[in-house]
Amino acid sequence: QVQLVESGGGLVQAGGSLMLSCVVSGSTFSINRMGWYRQAPGKQRESVASINSGLTTTYADSVKGRFTISRDNAKNTVYLQMNSLKPEDTAVYYCQGYRYPYTYWGQGTQVTVSS
């Protein structure tokens, strides 16, 4: 069993920064791809960023140049550094882990950006 626990969300003014963390526990062996998703009220969940075991990263166009995903395998932790935040970044942010054929989700952390 794999558990993912996010932290670091909160309320921030536009232009500010937050760092989200996701600690992975349990059977973490061979968790290849880790990612961050977000879901705003009334919208579908969308991918924000991902990183695989080779440290290859991908980003949604809407966050490129502002967000950075990273991972510390020794700490079983994935981070999402969010800079230059905009009100449209307001959402619940979820951590996701993928190990074929299973996908694991955290409980989510709220990020609210005020204008």
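Under the condition of being in a strand (DSSP E or B) and open to solvent by 50 Å² or more (accessible area, probe 1.4 Å), which residue from the stretch 1-24 is nearest to S115 (Cα to Cα)?
Q13
Among all residue pairs at least 6 apart or on different chains, which show Cβ distances below 9 Å where the first residue, located in the stretch 18-43, is more than 17 Å from D89 (Cα to Cα) and touching a residue at least 40 places away in the same chain (Cβ under 8 Å) and the second is charged (D, E, K, R) and buried (at least 22 other Cβ atoms within 10 Å of the Cβ)?
C22/E6; V23/E6
Output the residues belonging to the stretch 69-115 that are in a strand (DSSP E or B) and loosely packed, with under 12 Cβ neighbours inside 10 Å.
Our first condition is that a residue be in a strand (DSSP E or B); within the stretch 69-115, this holds for 69-72, 77-82, 91-99, 102-105, 109-114.
If the condition is that a residue be in a strand (DSSP E or B) and loosely packed, with under 12 Cβ neighbours inside 10 Å, then D72, Y102, S114 are the ones that fit.
Kindly list, by first and then second residue, each pair from a residue in the stretch 97-115 that is more than 11 Å from W36 (Cβ to Cβ) to a residue that is among the aliphatic types (A, V, I, L, M) and open to solvent by 40 Å² or more (accessible area, probe 1.4 Å), limited to pairs with Cβ atoms under 7 Å and residues at least 6 apart or on different chains.
Qualifying pairs under 7 Å: T112/L11; V113/A14; S114/L11; S114/A14; S115/A14.
When you look at T56, is it surrounded by 13 or more Cβ atoms within 10 Å (Cβ to Cβ), touching a strand residue (DSSP E or B) at 6+ places or on another chain (Cβ under 9 Å) and either modelled with pLDDT of 95 or more or hydroxyl-bearing (S, T, Y) (or both), yes or no?
Spelling it out, it is not the case that T56 is surrounded by 13 or more Cβ atoms within 10 Å (Cβ to Cβ), touching a strand residue (DSSP E or B) at 6+ places or on another chain (Cβ under 9 Å) and either modelled with pLDDT of 95 or more or hydroxyl-bearing (S, T, Y) (or both).
A quick yes/no check of all residues on (1) more than 15 Å from G106 (Cα to Cα); (2) free of Cβ contacts under 8 Å to residues at least 24 places away in the same chain; (3) under 14 Å from the mean Cα position of the chain (by Cα):
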| position | (1), (2), (3) |
| --- | --- |
| L11 | yes, no, no |
| T58 | yes, yes, yes |
| R66 | yes, yes, yes |
| I69 | yes, no, yes |
| Y79 | no, no, yes |
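The values are calculated or read from the model by the stated rules, or taken from the named source; none is laboratory data. The structure presented is a predicted model; accordingly, all values stated were derived computationally and were not measured. Every residue, glycine as well, gets a Cβ built from its backbone with ideal geometry; the counts of neighbours run over all protein chains shown. Ligands, DNA and RNA are excluded from the accessible area calculation, which covers all protein heavy atoms including side chains. Shrake-Rupley method; radii C 1.70, N 1.55, O 1.52, S 1.80 Å.
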